[in-house]
Amino acid sequence: MDQQGAPSFLCGDIPPAVLCEAEAAEPRLGAPSSSAAELATQLIHHVVFDHPLPSPGSAVAPASSLLSVPAPRHWRSGGSWATAPSERSARYSAVYARVSLALQVAMREWIPSLFFDEASRLEDLDLAQGMIAWRASRPAVGEHVDRLCCDILDPEMMERCFFWVERNIRPVLRTLLPVSSQMHYNQRGFYDPRNTNRILMRLRRSQRGFQMILKAEEDIITQLVKLVSATPTLRAKAQRQPRNAETDIARNVERTMTNIEARLRRIIPHGDIETIQRMLLVVLTNALAESETESLPRVA
């Protein structure tokens, strides 16, 4: 997990491949017919009102990118939010750290690939270089329960983040080389793998795009964790005030999806936000199911 010379104060910071192994083994299913908001509502209704789970399906990305096309994220039969811990639960930190890592893996795979759907994206230097750096970084969580991903205000976490960017950025730059080499000579140097040291120096000095992406990642994960961790409270409320619980569910889902869309629009204004939101819900649900499976006692 660690690499020679790497700081080691984080609990997370793991290779994306480790978290993607289970996804690769899933069979391909049809895309879900419901929207992301409808899917979230159905998942919460299953927990709060014992309604049926939504049908299995997949979140499938568009088949064109200057980077690799993201793998579909498949809905696993039986996955639900029924075991999601509340904010005060003793399981909160362990479960949502895993959820956060899974979401970070998925976002680093999907969002940069959808961002680089055509060569003109390279013209937005700050955002394009930020996407490249984000793709090269590794998922991480901090030592405390409120640090579910990289905090841009934490110098140590940012230094850890740049440690992995420096080691992983060249393959991303090489993937984009067929396109970046066709740019004007004043621009192509900002993406030339031979200029990696200069690119890294610029990223450290001008972090506007990179920090905006990391902040969006943090906000999206926070919104999703708040949504799912509220389900135990909503279930208890539904026993006494079912109509009020129904209203709260609708309000929570609408607020969450609106906030996530706003943050995604800042970093990928031209992308299919609905597909990304649906993918995030699938990954979240699968990660919760895996956490529940791992917490079960093993029979000797």
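Could you say which residue among 278, 205 is within 30 Å of residue 125 (Cα to Cα) and either surrounded by 20 or more Cβ atoms within 10 Å (Cβ to Cβ) or among the acidic types (Asp, Glu) (or both)?
Every option except 278 fails the conditions.
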Condition first: hydroxyl-bearing (Ser, Thr, Tyr) and at pLDDT 95 or above. Can you find one or more residues in the stretch 292-300 that meet it?
no
Could you please give the count of residues in the stretch 173-190 that are open to solvent by less than 10 Å² (accessible area, probe 1.4 Å) and out of contact with any Asp or Glu (no Cβ under 8 Å at 6 or more places or on another chain)?
1
Considering only the stretch 51-70, how many residues are within 19 Å of residue 280 (Cα to Cα), open to solvent by 50 Å² or more (accessible area, probe 1.4 Å) and touching a residue at least 12 places away in the same chain (Cβ under 8 Å)?
7
Quick test for you: out of 153, 200, pick the one residue that is surrounded by fewer than 20 Cβ atoms within 10 Å (Cβ to Cβ), more than 23 Å from the chain's Cα centre (by Cα) and among the hydrophobic types (A, V, I, L, M, F, W, C).
200
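Name every residue in the stretch 159-192 that is among the hydrophobic types (A, V, I, L, M, F, W, C) and either outside any helix (DSSP H, G or I) or at pLDDT below 95 (or both), in order of residue number.
183, 190
Identify, please: which residue in the stretch 90-99 is in contact (Cβ under 8 Å) with a residue 24 or more places away in the chain and small (Gly, Ala, Ser) and is, among those, surrounded by the fewest Cβ atoms within 10 Å (Cβ to Cβ)?
94
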Taking only the stretch 90-132 into account, find how many residues are closer than 28 Å to residue 288 by Cα and in a helix (DSSP H, G or I).
25
Residue check for residue 76: open to solvent by 10 Å² or more (accessible area, probe 1.4 Å) and at pLDDT below 90
yes
Single match in 138, 170, 121, 147 (criterion: open to solvent by 10 Å² or more (accessible area, probe 1.4 Å) and touching an Asp or Glu at 6+ places or on another chain (Cβ under 6 Å))
138
Could you look through the stretch 237-254, keep only residues that are over 16 Å from residue 43 (Cα atoms) and in a helix (DSSP H, G or I), and pick out the one that is least open to solvent (accessible area, probe 1.4 Å)?
237
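The values are calculated or read from the model by the stated rules, or taken from the named source; none is laboratory data. Quick caveat, the model's predicted, so the values are computed rather than measured. Quick reminder, even Gly has a Cβ in these numbers, built from the backbone with ideal geometry, and neighbours come from all protein chains shown. Note: areas computed on protein heavy atoms with side chains; ligands, DNA, RNA excluded. Shrake-Rupley method; radii C 1.70, N 1.55, O 1.52, S 1.80 Å.
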